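Remarks on the structure that follows.
The values are calculated or read from the model by the stated rules, or taken from the named source; none is laboratory data. Since we're looking at a predicted model, the values are computed, not measured. When we count neighbours, we look across all protein chains shown, and the Cβ atoms used for this are built from the backbone with ideal geometry, even at glycine.
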Amino acid sequence: MKTRKLNSAVIILVSRVKLFKTTIDLFYKNWNNKYNYPIYVHTFGKIFTNAEKKYFKKKYKKIFFEQITPKVPIHIKKKSLFYYRFYNDYAYKSFSPRRIGYLHMCNFASNITSFGKLGCISRKLKRYDYLMRIDDDSWFKKKINFDFFQKLKSYPMATGRLTITPGSYISLTREKLFDFLKNYVKKNNLEIKNKKLNYILTQTDHTKLNLLPYSLGNLDLYNIKVLKKKKFIEFIKKVNRIGGVYKYRWADYDLINLFLYIHFEKPIYDFALKKNFYEASHPSAKRITSLKNHKTRDSILNILKLFVYLIEKRLFKLKRIFT
């Protein structure tokens, strides 16, 4: 008996056109040729030429292009942004104003039901009950002969592979998240449904948040019928209000996973895809990203801003040495 196709779509945020050509080809070849779900390609600003869009639309079924313009919310001051947190070793060593796009991406993905709002997914996606999100380097290596979306009839969320990252370094991207969750639960008088999270939030050690299994982020599926309800809308509004994404680099998978762990005992279905079927990043991703960065031409104003930022960063380091 043939399973009825669900009211679903796929979203992908693209910044690397050359890499996208490989990713989308493998995605259709190894999965979507069989299921023919619509693909909504999103970009921050203009990435594709008209000729490139025409090429993809001719080659693949049901592919659409949505151009959006992200912006740092006006209530978040420049010096509050994550890359100005020089005391944070990850921010100090691995972030600069050039990585603002990553923060925009986290905001885009965590506001998964903020259809049509500034920097968020297109309002055209509002009509779907289920959404899949993949990255522009998601690597579908072999044919996968089942419909991912079917699991969302029983779960609020599903992912290609759940993982635990116990190291303390990951905590540098979850600053204040522990306290935010505890306050959210207390203020709303909530009973935490997931036993592991319930235990973690009774502790005082914020690094214990790392003991939870989190989704991949680059192959995640959402039951939008759950996430468009008032509870999640209010939750993500609170995150946006305090600037959790832009100030502390809270990731979309952190936020959505943790919200669901609070409200469901078993919220995330794990497809446990082996690496010979799916990998988070295509091997050419690093080379293409390096090439893209090498070719980037900053305006004089942006170069000056970056120069000032680097001086401030250096002064902070000197201050730490001599105090």
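Structure values in brief
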| quantity | calculated |
| --- | --- |
| Leading residue by the ranking (surrounded by the most Cβ atoms within 10 Å (Cβ to Cβ)) among those in the range 178-229 that are among the polar types (S, T, N, Q) and without any contact (Cβ under 8 Å) to a residue 24 or more places away in the chain | 198 |
| So residue 151, is it assigned to a helix (DSSP H, G or I) and over 28 Å from residue 241 (Cα atoms) | yes |
| Residue 177 of a type in the set (A, V, I, L, M), at pLDDT 95 or above and either over 30 Å from residue 306 (Cβ atoms) or out of contact with any helix residue (DSSP H, G or I) (no Cβ under 9 Å at 6 or more places or on another chain) (or both) | no |
| Filtered residues of the range 88-127 (kept if aromatic (Phe, Trp, Tyr), modelled with pLDDT of 95 or more and in a loop (DSSP other than H, G, I, E, B)) | 115 |
| Leading residue by the ranking (surrounded by the fewest Cβ atoms within 10 Å (Cβ to Cβ)) among those in the range 17-48 that are assigned to a helix (DSSP H, G or I) and of a type in the set (Ser, Thr, Tyr) | 35 |
| Criterion (in a loop (DSSP other than H, G, I, E, B), under 30 Å from residue 117 (Cα atoms) and either charged (D, E, K, R) or within 20 Å of the chain's Cα centre (by Cα) (or both)) met by exactly one of 216, 221 | 216 |
| Number of positions in the range 1-16 that are out of contact with any strand residue (DSSP E or B) (no Cβ under 9 Å at 6 or more places or on another chain) and surrounded by 14 or more Cβ atoms within 10 Å (Cβ to Cβ) | 1 |
| First in the range 236-257 and free of Cβ contacts under 8 Å to residues at least 12 places away in the same chain and within 21 Å of residue 220 (Cα to Cα), second anywhere and of a type in the set (Ser, Thr, Tyr) and surrounded by fewer than 22 Cβ atoms within 10 Å (Cβ to Cβ), Cβ under 9 Å, 6 or more apart | none |
